[in-house]
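Scroll down for the structure; my scribbles are underneath it.
The values are calculated or read from the model by the stated rules, or taken from the named source; none is laboratory data. Bear in mind the structure is a predicted one, so any value in this text is a computation, not a measurement. Cβ atoms come from the backbone with ideal geometry, glycine included; neighbour counts cover every protein chain shown.
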Amino acid sequence: MKHTRQCGILLHPTSLPSKYGIGDLGPGAYKFIDFLQSSGQKLWQILPLNPVGYGYSPYSSPSAFAGTPLIISNDVLIRDGLLTENDIEEVSQFDDKKASYDKVIPYKNQMFKKAYLNFKKMKISQSYLQFIEENAYWLEDYALFTALKYHYNDAPWNSWDENIAFRVGDNLKTYKKELQEEIEYQYFLQYQFFSQWQAVKEYANQKGIKIIGDLPIYVSHDSSDTWSHPELFELDNSGNPRVVAGVPPDYFSSTGQLWGNPIYNWHIMIKQDFIWWKKRIKNLLRLVDIIRVDHFRGFEAYWEIPADEETAVNGRWVKAPGSELFASIEKELNMMELPIIAEDLGIITPEVEELKDEFDLPGMKVLQFAFESGDYQEFAPEYHGYNSVVYTGTHDNNTIKGWYENIMLEGDLDIIKVINKYFHLQKENFVDENICWQFIETAYKSNAHTAIIPMQDILCLGSDARMNTPGTTEGNWQWRLTEDKLTSELEMKLRNLVKIYNR
């Protein structure tokens, strides 16, 4: 398929402007879409929309299907008659530049409980009943799982009473009755999330903006997915992982990365014709137009580590049925080509390239890597293939400004010389904003059919605006955009580049 040259911005909804301590699906989302259109953008890339987990990470979620209630908009709830202006309590406690999860979560829960009580007084809508019916495959288990997590004081599911943990006998029916109020509250939250997000997506699509979503390859062990479908994962009789996911040692880490996620039982998934994956993909494609598949190489072969290991060193490569999986998904969706971007960073073998090429999937090019990883010919713009998506950086990278400042601070002369020569910069005349826009313009002029720029790089912000630092658990996923940054001057600057480079 011939892709049109296009560009977009990476900004997670939690980073949107809002007066409620975290970005949401209210006015800030619509204004950002207006900014995208006015600046000539065609794409809005986001991170996973699932409920956040450990460290407030959207990549460590208790569900592969549910949406995060944190971005449900109070303003929309007011518009829909579920809250009043008087219900909205003092919000000046919130930082408009960072998501304060420890304050936001209890505040939002309080608001949502009020909205739910008002919702119960209303006549049940047909759309609400239809939502529950259409999403029964995952929603019933997710709502019950979440209610049980509260009941068991957030303990891992495989430490619950055995009959509940392993879904034996009639005990679940008893708990469904006892926890009915919390279960229905979870239905309400998911209905509000999906309704509000659908409205945002429709508005974006009407403005000519497509949304790129994100699909983490693995799920968390303590999730509704592993609890409700333990047969789909490599678990022992106690519900613990036998083996876990990660990546082997490399240039950046002598012990590799031990992620700890349970590995899929691919034999069972093949027997079931990948029904769980097909439902997962179809569910996500209701929310987004294109999917960035995280750790794509894991669908060709994955690094499997015994669960009792403390590092990833003693793992092994195991073949995965990626070709069969994507063929099955393609048939299910009745599409000639899958709307997928392959995150093909890391250890990429010819077999991974073959899998990507079999389904004509674009890969990723990160400009920072051209100068720091020794892979100049892989990531430098002059070597980009057309079927690629180029980024100045991803959510896991430092910002361009922060990255360059760190290089200058560390005095890495080899990298400094390469960068300065490439961009015709002089160290003594270094201007912060110049390096950011040099990288943005380089991405735009790339042969790659799509260019995506993190909002932080467009604003030329430093390391304190970084979204995530891999290997750390604190201070991530917090950065927020303030509305005053979306200026007409910035729109014009981007629009001019779009025109110059035919994006």
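Selection of first residues in the range 408-429 that are over 23 Å from Glu382 (Cα atoms) and at pLDDT 80 or above and of second residues that are aliphatic (A, V, I, L, M) and in a helix (DSSP H, G or I), restricted to Cβ pairs under 6 Å at least 6 apart or on distinct chains, gives an empty result. The helices (runs of 4 or more DSSP H) falling completely within the range 400-503 that include 2 or more residues that are polar (S, T, N, Q) and farther than 30 Å from Tyr30 by Cβ map to 432-445. A single member of Tyr218, Tyr302 is part of a loop (DSSP other than H, G, I, E, B) and surrounded by 17 or more Cβ atoms within 10 Å (Cβ to Cβ), and it is Tyr218.
Considered as a group, the residues in the range 157-183 that are in contact (Cβ under 8 Å) with a residue 40 or more places away in the chain and part of a helix (DSSP H, G or I) include one that is farthest from Glu134 (Cα to Cα), and that residue is Asn158.
Confirm whether Leu25 is among the aliphatic types (A, V, I, L, M), in contact with a Phe, Trp or Tyr (Cβ under 8 Å, 6 or more places away or on another chain), at pLDDT 95 or above and more than 19 Å from Leu490 (Cα to Cα). For Leu25, the condition - among the aliphatic types (A, V, I, L, M), in contact with a Phe, Trp or Tyr (Cβ under 8 Å, 6 or more places away or on another chain), at pLDDT 95 or above and more than 19 Å from Leu490 (Cα to Cα) - is met. Looking only at residues in the range 86-118 that are assigned to a loop (DSSP other than H, G, I, E, B) and hydrophobic (A, V, I, L, M, F, W, C), the one that is nearest to the chain's Cα centre (by Cα) is Ala99.
Listed by first and then second residue, the pairs linking a residue in the range 32-47 that is within 13 Å of Arg503 (Cα to Cα) to a residue that is of a type in the set (Asp, Glu), with Cβ atoms under 8 Å apart and 6 or more places separating them unless they lie on different chains, are Ser39/Glu491.
Restricting the range 75-98 to residues that are within 12 Å of Tyr20 (Cβ to Cβ) and modelled with pLDDT of 95 or more, the residue that is surrounded by the most Cβ atoms within 10 Å (Cβ to Cβ) is Leu77.
What are the residues in the range 88-105 that are of a type outside the set (S, T, N, Q) and over 21 Å from His12 (Cα atoms), if any?
Quick first cut of the range 88-105, residues of a type outside the set (S, T, N, Q) only: 88-91, 94-99, 101-105.
Passing the criteria: Ile88, Glu89, Glu90, Val91.
Evaluate the following for Asp154: is it of a type in the set (Asp, Glu), surrounded by fewer than 17 Cβ atoms within 10 Å (Cβ to Cβ), out of contact with any Phe, Trp or Tyr (no Cβ under 8 Å at 6 or more places or on another chain) and in a helix (DSSP H, G or I)? Talk me through it step by step, then tell me what you get.
On the way: of a type in the set (Asp, Glu): yes; surrounded by fewer than 17 Cβ atoms within 10 Å (Cβ to Cβ): yes; out of contact with any Phe, Trp or Tyr (no Cβ under 8 Å at 6 or more places or on another chain): yes; in a helix (DSSP H, G or I): no.
Here the answer is no, as Asp154 does not meet what is asked.
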